[in-house]
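For reference, the structure is listed below as structure tokens.
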């Protein structure tokens with residue numbers, strides 16, 4: 001999957017090192033966690049669930065986004081851009097975000113990555 005992020009502002013407004021994007025498999029339920037009674041088991045279950053249902057996407061300062069080796073299926077694309085401005089109260093203040101449903105067709109592997117086009121990230125208020 002490839003695409004281009006558009007947002008109100010400049011690339012210097014975003015802290016690209018702490019910003020993130022990923023595809024989350026639709027319809028999956030997180031495991032039941034009990035950090036009080038079984039902290040290690042709960043942490044392991046949460047990690048394994050995330051690893052099996054979340055596919056990271058690379059963000060570039062030029063606004064391009066790319067996720068490789070994503071199997072066919074229905075996903076929610078999540079983009080969270082963090083603000084580059086220093087904030088003494090909140091270290092990683094949200095600059096803007098996007099959630100969009102994406103379908104990766106079965107033929108995407110043979111035909112190359114699907115292009116989701118321009119993704120407009122709404123600025124946080």
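The values are calculated or read from the model by the stated rules, or taken from the named source; none is laboratory data. All figures in this text were calculated on a predicted structure; none of them were measured in a lab. Cβ atoms come from the backbone with ideal geometry, glycine included; neighbour counts cover every protein chain shown.
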If we keep only residues of the range 49-69 that are in a loop (DSSP other than H, G, I, E, B) and in contact with a strand residue (DSSP E or B) (Cβ under 6 Å, 6 or more places away or on another chain), then the residue nearest to residue 115 (Cα to Cα) is 67
Kindly indicate the residue of the range 7-30 that is surrounded by 14 or more Cβ atoms within 10 Å (Cβ to Cβ) and touching a helix residue (DSSP H, G or I) at 6+ places or on another chain (Cβ under 7 Å) and also farthest from residue 65 (Cα to Cα) among those meeting that condition.
25
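Conditions tested, residue by residue: (1) under 12 Å from residue 22 (Cβ atoms); (2) at pLDDT below 95; (3) outside any loop (DSSP other than H, G, I, E, B); (4) in contact with a strand residue (DSSP E or B) (Cβ under 8 Å, 6 or more places away or on another chain).
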residue	(1), (2), (3), (4)
42	no, yes, yes, no
47	no, yes, yes, no
71	no, yes, no, yes
77	yes, no, yes, yes
86	no, yes, no, no
98	yes, no, yes, yes
Quickly run through the range 100-124 and pick out the residues that are within 14 Å of residue 81 (Cβ to Cβ) and either in contact with a helix residue (DSSP H, G or I) (Cβ under 6 Å, 6 or more places away or on another chain) or assigned to a loop (DSSP other than H, G, I, E, B) (or both).
121, 124
